[in-house]
Amino acid sequence: MSVTTLFFEVSAFVLFGWAMVHFHRKKDYRTIGRIAAGAVFGLLLEVLNVVFFETYTYSAHFVLQVGAAPLNVPLSVGLFWGLIIASCMRMSD
C-alpha cells in the first residue's frame, strides 16, 4: 500500500466522521441524512459503473473496499461522494 492511498482513505474517514459529528451536534439531521444517502448513492454508482460498464478499475491496494479485484470499489470513494453531494446541496439551498 502506498502512502497516498493510505492518506486518501484515512482522510475520507476523518472528514466523513467529522461532518457527521458536526451536524449531529448542531442537530441538523437532514444534512446527516443527505450525507449518508449521498455516500450510499455514490458507492452504488461506482460499483455499477465498475461492474457493468467496466470503464475503469481501482487499485487492489485499498484497505476497505467493496468487491474483489478487478471489480473492487474503495469505500472511501463512496464517502467522498456523500460529502460532495451534501455540500453541493447545501450551497444550492
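Within segment 47-59, can you find the residues that are open to solvent by less than 60 Å² (accessible area, probe 1.4 Å) and either among the hydrophobic types (A, V, I, L, M, F, W, C) or touching a residue at least 24 places away in the same chain (Cβ under 8 Å) (or both)? Selection gives V47, V50, V51, S59. The residue of segment 22-46 that is most open to solvent (accessible area, probe 1.4 Å), among those that are among the hydrophobic types (A, V, I, L, M, F, W, C) and over 9 Å from G78 (Cβ atoms), is A37. Could you tell me whether S92 is among the small types (G, A, S) and more than 25 Å from S2 (Cα to Cα)? Answer is yes for this residue.
Scan segment 10-18 and give yes if some residue there is surrounded by fewer than 13 Cβ atoms within 10 Å (Cβ to Cβ) and over 14 Å from the mean Cα position of the chain (by Cα), otherwise no. The answer is no; no qualifying residue exists. The test for being touching a residue at least 12 places away in the same chain (Cβ under 8 Å), in contact with a helix residue (DSSP H, G or I) (Cβ under 8 Å, 6 or more places away or on another chain) and assigned to a loop (DSSP other than H, G, I, E, B) holds for V63.
One residue stands out among those in segment 72-93 that are free of Cβ contacts under 8 Å to residues at least 40 places away in the same chain and open to solvent by 80 Å² or more (accessible area, probe 1.4 Å): the one that is nearest to F16 (Cα to Cα), which is M91.
The values are calculated or read from the model by the stated rules, or taken from the named source; none is laboratory data. As the structure is a computational prediction, the values presented were derived from the model and not from experiment. Here Cβ is always computed from backbone atoms with ideal geometry, including for glycine, and neighbour counts include all displayed protein chains. To get the accessible areas, we keep the full protein, side chains included, count just its heavy atoms, and leave off ligands, DNA and RNA. Shrake-Rupley method; radii C 1.70, N 1.55, O 1.52, S 1.80 Å.
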